[in-house]
Structures are given as structure tokens and as C-alpha cells.
Amino acid sequence: MATNGKVTGIIANLVIVEADGPVSQNEICFINLKGVDLMAEVIKVLGVKAYTQVFESTRGLKIGADVKFMGHMLEVTLGPGILSRNYDGLQNDLDKMEGVFLKRGEYTESLNPEAEWEFTPMAKTGEKVEAGSWLGEVIEGWMPHKIMVPFKFEGTYTVKSVNAKGKYKTKDVIAVLTDEKGKDIEVTMMQKWPVKMPIKAYKEKPRPFKIMETGVRTMDTLNPLAEGGTGFVPGPFGCGKTVLQHAVSQQAEADMIIVTACGERANEVVEIFTEFPELDDPRTGRKLMERTTIICNTSNMPVAAREASVYTGMTIAEYYRSMGLKVLLLADSTSRWAQALREMSNRMEELPGPDAFPMDLPAIISNFYARAGFVYLNNGETGSITFLGTVSPAGGNLKEPVTESTKKAARCFYALNQDRADSKRYPAIDPIDSYSKYLEYPEIQEYLKNSISETWVDDVTLAKDILLRGKEASEQINILGDDGVPIDYHERYWKAEVIDFVILQQDAFDSIDKSTPFERQKFMMGQVLDIYRTKFNFATFEEVNPFFKAIINLFKQMNYAEFKSEKFNGYLNQINEKINERKAV
Amino acid sequence: METSAFQKIYTKITQITKATCSLNAQGVGYEEIALVNGRLAQVVKIQGDSVTLQIFSGTEGIPTNAEVVFLGKAPTIKVSDELAGRFFNAYGDPIDGGPAVDGKEVEIGGPSVNPVRRKQPSELIPTGIAGIDLNNTLVTGQKIPFFADPDQPFNQVMAMVALRAKADKIILGGMGLSNDDYLFFKNIFDNAGALDRIISFINTTENPPVERLLVPDMALTTAEYFAHEKHEKVLVLLTDMTLYADALSIVSNRMDQIPSKDSMPGSLYSDLAKIYEKAVQFPEGGSITIIAVTTLSGGDITHAIPDNTGYITEGQLFLRRDTDIGKVIVDPFRSLSRLKQLVIGKQTRKDHPQVMNAAIRLFADAANAKTKLENGFDLNDYDERTLKFAKDYSRELLAIDINIDIDSMLDTGWRLFAEHFNKTELGIKDELVEKYWPKN
């Protein structure tokens, strides 16, 4: 029999419920407020009292209100029709909600029950299958979407029958499986999965060994993100976190992008809503929205659903990974999620950890990051989730709990630097503080050697050294004065500036410069390293600055020009002329 | 608000703190309002029979046998066209001597707009101030604060922006406003002949601090009425949000909550976001734009209030006194309008983004040159020129007393470039340089 209960206490969105039966941790319940059901999750149990966090405003709620427990945890619905949707943190389809304002207690279906999908069977009668095995395929938009054995199924099953090719709705039975005891079980195209549990229907998770191309030079070239890897971008406000995430979401070489807007500005999500259906995906020529799903819990939406939104995004990513797809999951910002945890912990009067965050914050964050990864599926195919999160450190101070916990969990660190942002050197990723652990992986080094060039890893290391030495030279010049240091210092400083202006800085709003394929990155890297290796003749330090300024200006024009176009080559010739004039013989 | 017959009156208060009181009562709704000896209060916690009320005007003189009446609703305001031109206190009661306003009664702090129903902000708000229009262009539906030290003329600049913005309604939410500033706003709007477009909710320093918590919701619920139902372009001015946040911390402190950074409640981000996210462009044409003031202490933006605000708002504006020209300027380094990308170079001339960036970069070079000079080093020719440029740029474009249109700002920019630099020193696209570089 289902458990029921009555409300006995209300503190903002923490509601205490006295239950008349068994209740489990993280169980979902509905609290009745004047005929409207408010969804809530059990977060603590004390005797017969269940402490629940309500995913909605509790305004007007009274003691004694009826509560129904559902017997399951927070689940998402998985099936064809998720692609290109705009969901809230609990996977309600926002487009199906009526009116301009969100209504409390309005829950909409995440999948369209009326939509018909052209199903092609893949599994054969008599075949042995297990959770995650591909039974058939439908075409979702343009993408082959696998219909799988539900992830909740344990053990092996025998396919008794699979429907013939044809049009079916998500709730139609498309296959019958027989379990080990000989019992027949019907399977539809739709299944449910609790968001806080990772989907583990794969054979193994190797170390990442490929690069996920993003078109952002300072990432791809200096600190590449691996396919199936994890990275995070901490930075003070106004340093371009969001612009960077949008650039990655538009350009990354992935089959599917899931953008989780977690406690951030609504207008930023609106930008995606407005632009993605218009923007072309440079890789497929389709619209960007056709490979994107948005999970949106903006900062004014209920706080508790913020936490749910990142898990909802991750679970959907795992579902698509099980189909053998390359998924990129973006979350902006994980700090808001941590703050939601803090608010609840505070209301439950738990003893606080650092900065009043809950004590288990580091564990929660690393468990979440661990769900990303490259996998070999049971049928030998591969799939991946690459995860890039942003962190909004309080006061821009990276020594705060969320940044520190994330640093332990994520393998790439893209530190946004206030000084770079102030001088409009965008993207403001600090080339010296940032790192990618993947560059140290032998399998990644091997991959870069084979796919870009034999010397690529050495070139990248050299470029980083040049930048560091340039920074040191600039400090020396500032301390000792222009004429207090050898001319060499000026040259060293300006050679680093060339890399900064030509490779690191990138105009996210220019149609050509915003995305640079690897081939072009390799070419430009070659150019700037050639300049580094060239010895120049300068009589006084005053000649250094104008020479490199002119070179940088020409390179910038090159970055704005179509690769290897007449214009592009023209600028290159001009650069070479200038270099030859100054070259030491 | 009056009590009606047959309402249950409670007279036994069990606990009193500086901002809250508790009593035993049944059938009370969360966030419901009540009157405690005639003072407005709101339910903030219910545990079994024990109900905790936050009394907005403070608990001074409240006896344990005070009369408590629950009103069965959240705080409300009556909205109608009659609001225009009127001044109210934090409860929405008139303070200008006029009659009470009649209209549709709506709860304040209502639900948020479904993000998929929002429209992308797209209409430029011209202010004539180049530090804003050129470098930090404002757009309808945007939310942006001034980060300012208390001695800076932020209220004056805000009033100027409001009057030039050509909004259908200007709603002023004053929190902890000094009486002098209140009169300043009243006079300046009156002199501009704009009083009929203005609606004000004022909590001055003479009023109890906790009352301030009602002001933003009053102002924004009114704004929603005009923007959503009347499709008007509404500009909401909120000053000073730091004092609002201080009031939040007072209440959370009295409720024994564990403070997070800078003694602020852990929910500060959500509390502020709920206010600022009311800024919206509605699909039918109306919009709410929020310009706020967050005062800083000693320019410290890492304090929890400006820090959380910065993560919520779409940019921030900094004012600073430029001693080289003896005027207050809009600081081009730290100011930012995140939504400017939606309009610059699209609704304004194509060279706008690049002129803006080049000028700021040169201004940064000038700052470096200045540091060099202060450290006792010789300046090279380029340094000298950037310094001269910076002075002209500051005087002719950044100063807050500028009032020109955007094309003139861009032309001024090109003129200053040509006066001090050659074409290759700008890093601007060649085609734009060819088109706009002054011919003589």
C-alpha cells in the first residue's frame, strides 16, 4: 500500500511530513496545496518525520496538507523525442506549458505520446540481450536513435519477438523479452531511470585517448579537452565564462550537445533558444538546435530543482551515450547547484562545512564528474560523455570550496583571468595557470602525433614556455624600465605577445575567427613558432615594439580572413616581407 | 488593511525577537500576512502549531498579549493606471497625501516567466552618455546595477538615464533612501515634467529596515502589470540594493540561520536573483528593464553583495573620478553590458564593436604608460601618444556629462584615433579603417 502523510512543518521550501508508512531516502512525494500537487523529494528521515525539499514555492501551504509518497526516486523519461527539446530541471517540456508565467504544480509530459516514429528492428528472435542492448532504431530528427533494453532490467533475456519495421508511438510495445525464469516482459520505446543513479550499461571505461575539438584555439591548442574527458572553467563574473561555453556548444565536434543552465540568467538561455534554431552546425550543415537539448533552471526558478537539473542533464547524456553517440554536456554553473545544497543543509540545521557548504560537497561533486567518460558498450561500439562545467567562485577567489572540490574531480582547468578580461584579451583563459592533464597521457600524445603532427606536443610545450618567459620578461621590463634591460628581453616579450594575439585571442563574434579547425590551428602555430625561431636585428628597444605591432596587426587580419584565401595569403606575404627586412643574417 | 468580522484573533505570543514573534495558531498558510497590533507581519516558519511571524516595522513595544489577526493571503498590491504619478511607502500605502488607489489586487513576488516565452532583448536604450552607449550599451529587458562608492553621483546618473530612456513608465524603488535623495528624485522628475510617468515606492532611512524587503517586489509587481498587461516599456530603478541585502541578513540572523560569506544568508544569490530576473522582454512588446544601485564599501567588489549581484545581472557600471580631466567618468575597464552584443554593430554602425574595443585597448595602454611614469621610467613615443589620447578620450567620450548620439560618438572615436595614432596601431579590420578613417 502506498504511504501517505500530513504536513507538520514549513520553512521556505523545506517541508516536514509525518508519514504513515515506509519512506525511502530521495523518494518523490506530492504535497497537496489547494488542489495543486507540488513535487518534493525526501532528503532526510527522522522517525516518522520525512524532511522533504519542495521543487516549487510553498506560499500558502498549511499544516495538515495531504502528502502522497510515490515509491520511486526522481526519474527522467527516456525515449525518442528528447532531442531539440527545452526542458526544465525536472524534465517538464517548457514549450508545452501554457501562459507566459510558470504555474505552480504544472507538470508536462517530456515525450510527445502522440508522435509516431519509424522503427527498424535490429535484434533477432532468440538473441540474448541485457540492459542497454539495442533492439531497434528510429530516426530522431536526423540522428539514429537506438531503442534499448531498459536499463532497469537485470540479468540476461532472450528476445521472443521484435516488431516489424513500421510506425509506432513511444508507449507501443515494440518487443517481448523472456527472462531467465521464462517470464515474458513487454518493452516499449520509453523507459524511466532515477537521475541520481549512473547508467552502467557498458563493458568498460578506458582512459580517454582522443581529443574533442572545440574550435577555440586556446583550448584545443594549449590545453585540449579529451573526448570523454572532464573540464571546468572557474572565473569571476564578467570574464567571459558564458561566451566561452556558448562558443564551445556551437562548435564542438559532438553528435549531441546538452546544455544545462543551472541557476543562471534567463536571458542567456533565451539567447540559445533564439539563436540555435537559426545557426548552422558547421559540421553537418543542419541547424544547431537539431543536435541540442536544453535543461533550463534559471536563477529565479525553484532552488531545489537546480540540483535536479544537472542530474537530469547527466542522465540524458548517459542515455544517448549508450546509443554509441558522442555527447557533450555543459553545465553553467555548478556553483549554483552547490549553493542550492547549502540552502537546504542550512534549513535542516546541519553542522556546516567550509563557507557554510555541506560537508560532503567534495564527494558529491566528484561522484558527478565521474559519470562522464568514454565507454566501450557491451556490443563493442563506443560512446562518450565529455563534461565541461563552469564554476562561479565567490569574489573571484579560487580558494573556495566549490572550486577546490572541482579541481580535484576535473582533469582540465581553464582559469579565467580578470586582468586579461579587463584588457579585452578574450577568451580570458590564463595560458599559464590553466592546464590539461590529458596532454600528459601517453595515449593522447600518440593520438596528437598521428592526427596533427609528429612534433605537435613538443610545439605546444614550447609555446607554453615562450608564454611563460614572455611574462617574466614583461615583469623585468616593468621593474627595470625599457632601457634597463637588454634588447633581448623586449624581443622575448613581443614573441610571446605574438602567440597571445594570434593563437590565444579569438573573436567569438566574428564569423570566421570564432571557430578554427585543427588544420588551421596547426598552420598558425607553425607561423608563430617560425617567428619565435627567427633572429631579428634591432638597433634599439624602440624598434622592437612597432615591428611586432605591425606583424600582429597583419596576423589579426589573417585570422579574420578565410583560410588560405587570396586575402589570407596576401597578408602572409606581407608578414614574410616584414620578417625578411628585419631578419638577422 | 482592515480586519473584518468573524476573524479569529490570537492574543498569546510565545516568543519575541527584534524582528520576529511566534505564537500558536492553526490553519495558517506559509508566507501569509498578519497584523500584530496593527503592524504588518508575514509568516516565515510553521512548525506544528507554532507560527513564526516576521514583523516588518520591528517588534519594539509588542506585548505578549498583542492582537494577532491572519489575513489569509500573501502581501498584495492593487494595480491600475491610477498608480501613475504617485508615491507610496513599502506597503503600497500613499505617502503623497493622495487617496488610496483602487485596482486589481495581485500578490507581490509572483511566479517567474517561462524562459521559452521570453523574447530576446533587442531594443537599444540610448542615453546620450558615451561611457554607456558606446562602451556599455543598454538594452530593454536588461538588468544592470551601478557599482558605486557612496560618495559617487550614482543617483544623479541613474535619474539622467531614466529620463533620457524614453520609457513609458519609470518605477522607483527606494530602499533606505535618505530623505534628501528622495526629494532629489521627486524634484528632478517633476522639473522634467515626467511626474505622470513615475511611480515610487519609498522606504527612507527614517523607516524600519525590514520594511525594505517589500519594496522590490512592490515595484516589480507593478512593473509586471504595466509591461505584461499594458505592453508598456517599463524602467525600474532600485536604489540601494546593498541596504536591501543588509535587511535580509538581519532577518536571517534573528531566525538563527547559519550565515555564509560576509554574514549574508546562504540564500542571498537566490533572493537577489528572484528580484533581478523579473527583468524581461515580453513577447507582446512590453518590457521590464532594471537599473539598480549596489553601493560598495571602499570599492570592494569581492564582498558577497556585489559579488552575487555580478553573477546575476547582465553587467555592471562603474563610476570613477578621472583626476586628469577633473570629471566623473564611466570606467571603461570594469564596466560591462553583457547584452550590448545584441545591438552593437547591428542597430548601430558596423564599426561600433571594433571602435569600442580599440579605444579601450589604447586606454589600457595609457594606464600602463602611466604606471611606467609613476615608477620613474622614460616614456617612449607610443606611450606619450597613448597618454594624450587617453585624456581626450576621457574628456570627449567617457565623462558622464556627454550627451551626443551614437554616430557622433563613433566619429569622435575615429577622429581621436587619427589624431594620435597611425592605422596599423589600431588592430581594426582593414575594410573598416578604409571606410571610416578621417580623410583629412
> Can you pull the mean other chain C-beta count within 10 Å for peptide B:114-126?
Replying inline: 6
>> Using only the Cα atoms of the range A:192-311, what are the Rg and Dmax in Å?
In response: 15.6, 43
> In this model, which of A:Lys103/B:Lys8; B:Lys186/B:Lys278; B:Lys388/B:Lys429; A:Lys62/A:Lys103; A:Lys146/A:Lys171 are farther than 21 Å apart at the alpha-carbon?
Replying inline: A:Lys103/B:Lys8; B:Lys186/B:Lys278; B:Lys388/B:Lys429
> Can you work out the FRET efficiency for the pair B:Asn368 and A:Arg582, with r the C-beta to C-beta distance and R0 = 25 Å, to the nearest 0.05?
Replying inline: 0.55
> At each listed q (0.12, 0.20 Å⁻¹), what is the log10 of I(q)/I(0) that the Debye formula gives for the range A:297-454 modelled as equal alpha-carbon point scatterers?
Replying inline: -0.66, -1.36
>> Tell me the relative contact order for the range B:9-70 as a rounded percent, counting alpha carbon contacts under 8 Å between residues six or more apart.
In response: 43 percent
> For the range B:316-440, treating each Cα as an identical point scatterer without solvent, what Debye log10 I(q)/I(0) comes out at q = 0.13, 0.16, 0.22 1/Å?
Replying inline: -0.54, -0.83, -1.47
> For chain B, with equal point scatterers placed on the C-alpha atoms only and solvent neglected, what are the log10 I(q)/I(0) values from the Debye formula at q = 0.08, 0.09 1/Å, to two decimals?
Replying inline: -0.52, -0.64
>> Return the Rg/Rh ratio of the range A:456-582 with Cα-based radii and a Kirkwood Rh.
In response: 0.98
>> Students often get this wrong, so check it: of A:Lys407/A:Lys464; A:Lys241/A:Lys399; A:Lys49/B:Lys18; B:Lys119/B:Lys169; A:Lys471/B:Lys372, which have C-alpha atoms separated by over 25 Å?
In response: A:Lys49/B:Lys18
> Convex hull over the Cα atoms of the range A:1-139, averaged projected area in nm²?
Replying inline: 11.6 nm²
> Tally Lys and Arg at +1 and Asp and Glu at -1 over the other residues with C-beta under 11 Å from the C-beta of A:Asn417: what net charge comes out?
Replying inline: -2
> Tilt of helix A:456-480 relative to the longest C-alpha principal axis of chain A, in degrees (0 to 90, nearest 10)?
Replying inline: 60 degrees
> In whole percent, what relative contact order does chain A give with Cα contacts below 8 Å and a gap of six or more residues?
Replying inline: 12 percent
> What's the center-to-center distance, using Cα atoms, between the range B:262-307 and the range A:454-482 in Å?
Replying inline: 40 Å
>> Averaged over its residues, how many other protein chain Cβ atoms are within 10 Å of peptide B:307-319's Cβ atoms?
In response: 4
> Given a cut-off of under 8 Å on Cα pairs at least six residues apart, what relative contact order in percent is computed for chain B?
Replying inline: 16 percent
>> How much of the pair distance distribution for the range A:4-73 lies past 21 Å, counting alpha-carbon pairs only, in percent?
In response: 9 percent
> What aspartates and glutamates could a cross-link reach from A:Lys326, if we take a straight Cα to Cα line under 14 Å and drop same-chain neighbours fewer than 8 places away?
Replying inline: A:Glu213, A:Glu227, A:Glu253, A:Asp255, A:Glu318, A:Glu381
> If you line up the long axis of helix A:487-499 against the longest principal axis of chain A, both from Cα atoms, how many degrees apart are they, to the nearest 10?
Replying inline: 40 degrees
> In cubic angstrom, how much convex hull volume per residue do the alpha carbon atoms of the range B:9-70 span?
Replying inline: 65 Å³
> Classify the range A:146-193: rounded, prolate or oblate, from the alpha-carbon gyration tensor (a ≥ b ≥ c, eigenvalue square roots; a/c under 1.5 rounded; otherwise prolate if a/b is larger than b/c)?
Replying inline: oblate
> What ratio of Cα Rg to 2.2 N^0.38 Å holds for chain A?
Replying inline: 1.10
>> Test of understanding: ordering B:Glu284, A:Glu290 by Cβ neighbours within 10 Å, fewest first, what list do you get?
In response: B:Glu284, A:Glu290
> Does the range A:274-381 come out rounded, prolate or oblate by the C-alpha gyration tensor, with a ≥ b ≥ c the root eigenvalues, rounded set by a/c under 1.5 and, if not, prolate when a/b is larger than b/c and oblate if not?
Replying inline: oblate
> Peptide A:545-554: average number of partner chain Cβ atoms within 10 Å per residue?
Replying inline: 3
> Taking neighbour Cβ counts within 10 Å as the exposure measure, how do B:Tyr10, B:Tyr225, A:Tyr438 sort from fewest upward?
Replying inline: B:Tyr10, B:Tyr225, A:Tyr438
>> Need one word for the protein assembly as shown: rounded, prolate or oblate. Basis is the Cα gyration tensor (sqrt eigenvalues a ≥ b ≥ c); a/c below 1.5 gives rounded, then a/b vs b/c decides.
In response: oblate
>> Using only Cα atoms and rounding to the nearest 10 degrees, what angle (0 to 90) does helix B:179-191 make with the longest principal axis of chain B?
In response: 60 degrees
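Rule-based calculations on the coordinates, nothing more; no lab input. As the structure is a prediction and not an experimental result, all values here were calculated from the model. FYI the Cβ positions are ideal-geometry reconstructions off the backbone, even for glycines, and counts take in every protein chain you see.
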